[in-house]
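Single-structure report; data block below.
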Amino acid sequence: MFFGAKITVRGFIKMNVLNELKVNPLNYVANLESPIGVYLRREIFEKETKADTTLKKKLYAKTVADQSADGSWDQLFVRTANNLWNLALLGYDAEDGRVKKGLEWLLSIQRHQYRGYPGFFYSSNRKDPRVMRSTFYGEFGPGCTIFYQTTYAIHLFHIFGFGDTKRVQTTVKSYLQFWRPDWCGAWCTINVLRMLIEHPLSTESKQVESGLKYLDKRQTKTGAWKGFPFYHTFHALSRANRALAKKQFKKAFSSVVKRQNKNGSWGRKEQETGTFLVLDALKNAGTM
């Protein structure tokens, strides 16, 4: 077990939790030259350095270099959403011109209905479904294309400060009218549930409660959820201020400890994403 008494960590992640991990996760995080690395060092460990300031500018320049004139990245939703998320991780907000253009492009694809319900996002780019299915980067995973794009877009508008706009609220209200946790597959379930948990309009809704009950029935003795992506589910629950979510989150922590890699990270193919989801979830939860 690692005892990190010398590490300065925000109060959200208490030292008794970090002490239970097999390896100091900073061993892995310290060497990440990526938006996730910049974010984790800044927000989790308070270890932002002058080198990070330089790296942040370098990563920004690299990210916006191939942004298209219309604000997208290659007219692909996946690339556009992930790059906007990267800019958020780096600390850029909606006042940044490149962020603003990217968000404007997202609004331009909010022109679809789903079974008569308005406010859905869909790029209509035939390459997007294939790219989505091969991408496990970030907070959202490869479910149905229109649900993936819509929930991810709403998340981005929320983190950039536009969650209370009428167009965003229209989408959330549409989900509240028809969605239930067994509507589609596991990825769609967790993508929609994380968005509903996060948004002020829906966080206290009966739909969120039904989603939490649905997951509770699928949580095994190991703390994992049968058929559901572990790290994404763990992270989604960390944002829910409900007893049922906290109960599952606490039960899952033993699995978090067991799953940690020898280098301090989590995950197999997407270690940066896995590590982000675990550490950010611990920050979000705050009470363990």
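Based only on Cα atoms, what mean projected area does the convex hull of the range 66-200 have, in nm²? Don't skip to the end; give the middle numbers.
Values: hull surface 30.6 nm².
One quarter of the hull surface, i.e. the mean projection, equals 7.6 nm².
What does the extension gain come out to for ALA243 and GLU209, with contour length at 0.36 nm per residue minus their alpha carbon separation? Could you put the intermediate results ahead of the total?
Numbers: separation 34, 0.36 × 34 = 12.24 nm, distance 1.02 nm.
The span from ALA243 to GLU209 would gain 11.2 nm if fully extended.
Straight distance only, please: which lysines reach the Cα of LYS47 with their own Cα at less than 19 Å, same-chain residues fewer than 8 apart left out?
List returned: LYS6, LYS14, LYS56, LYS57, LYS58, LYS283.
Extension gain ARG268-THR53, at 0.36 nm per residue separation less the Cα-Cα distance, in nm? Intermediate results must be reported in sequence, preceding the final value.
Working: separation 215, 0.36 × 215 = 77.40 nm, distance 2.89 nm.
So the chain would gain 74.5 nm between ARG268 and THR53.
Multiply the residue separation of LYS250 and LYS217 by 0.36 nm, subtract the distance between their alpha-carbon atoms, and state the gained length in nm to one decimal.
Computed gain between LYS250 and LYS217 is 10.4 nm.
At q = 0.09, 0.11, 0.13, 0.16 Å⁻¹, what is the base-10 log of I(q)/I(0) for the chain according to the Debye formula with one equal point scatterer per Cα and no solvent? Please give it to two decimals.
-0.42, -0.64, -0.91, -1.37
Read-outs: derived from the displayed coordinates by stated rules, not from any lab. From a predicted model like this one, the values you see are computed outputs, not experimental measurements.
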